[in-house]
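Report on one structure; see the data block that follows.
The values are calculated or read from the model by the stated rules, or taken from the named source; none is laboratory data. The structure displayed is predicted, hence computed values, not measured ones. Cβ placement follows ideal geometry from the backbone for every residue including glycine, while neighbour counts extend to all protein chains displayed.
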Amino acid sequence: MAEILDPLLILALALNFVALGVSRIRGVINAVALQGLLLGALPMFVQTEISLRGMLLVLGTVTLKGFVIPSFLIHAMREADIQHEVKPVINYMSSLLLGAIGTGLAMVFSYTLPLADPHKNVLLVPASLATVWTGFLLLTTRKKAIMQVLGYLLLENGIYLFGLLLLEAMPFIVEVGVLLDLFTGVFVMGIIIHHINREFASTSTEQLTELRE
């Protein structure tokens, strides 16, 4: 399993750094979409025999993470007429450094966890923790609302990765519920982006300080 999973997870980790180091919003959307495609296909490699339920999860995840949500975000980006995150709270070099530190700490911490034997020698848990950390960085250090939505998506990708450890134990309704929550969250954030842009001619969340009752 490690021979197949680890290269895919290393690529997913590399996409984390692309998201942290790129100012062009379309580039970040593409990175998150590609990561969604990779993570959506992972259940086929995590489980030795995948059930119909698992195949439905793969299909639903790949469709939502890889195509539906990125298309929705690209549409929101065009409607808001924004292309770049110009002045993040933390600059891109510092973001990459923090991402590297978080990834290293995730590697160290994962070795202290009492994991099952099949999961001890793969990067599933370190990649999960590192992706959650990357999502948190994007969510808290970017000013554009659409970049914060992408941070939320990365955060959910990390949670999804960790959930693959318990794929067989998770009821199908819970799996669908997680994807539905993700889609609903992005949909709501798209509406927020639209209203921020309409009221302030900008999608920077700094403008929210001007709100009054």
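Quick one: would you say E49 is charged (D, E, K, R), without any contact (Cβ under 8 Å) to a residue 24 or more places away in the chain and not in a helix (DSSP H, G or I)?
Numbers: charged (D, E, K, R): yes; without any contact (Cβ under 8 Å) to a residue 24 or more places away in the chain: yes; not in a helix (DSSP H, G or I): yes.
In short, yes.
What are the residues in the range 127-184 that are at pLDDT 85 or above, of a type in the set (S, T, N, Q) and buried (at least 16 other Cβ atoms within 10 Å of the Cβ), if any? Result: S128, T131, T134, T141, N157. The residues of the range 80-115 that are within 16 Å of S23 (Cα to Cα) and either at pLDDT 95 or above or part of a helix (DSSP H, G or I) (or both), listed by number, are Y92, M93, S94, S95, L96, L97, G99.
Please determine whether any residue of the range 82-89 is farther than 23 Å from L42 by Cα and free of Cβ contacts under 8 Å to residues at least 12 places away in the same chain. No, the range 82-89 has no match at all. On inspection, K87 passes the criterion of being exposed (fewer than 14 other Cβ atoms within 10 Å of the Cβ) and basic (K, R).
Sort out which residues of the range 99-126 are surrounded by fewer than 17 Cβ atoms within 10 Å (Cβ to Cβ) and touching a residue at least 60 places away in the same chain (Cβ under 8 Å), and write them in order of number.
Restricting attention to the range 99-126, the residues satisfying the condition of being surrounded by fewer than 17 Cβ atoms within 10 Å (Cβ to Cβ) are 100-101, 104-105, 107-109, 111-118, 120-121.
Of everything in the range 99-126, those that are surrounded by fewer than 17 Cβ atoms within 10 Å (Cβ to Cβ) and touching a residue at least 60 places away in the same chain (Cβ under 8 Å) turn out to be A100, P118, N121.
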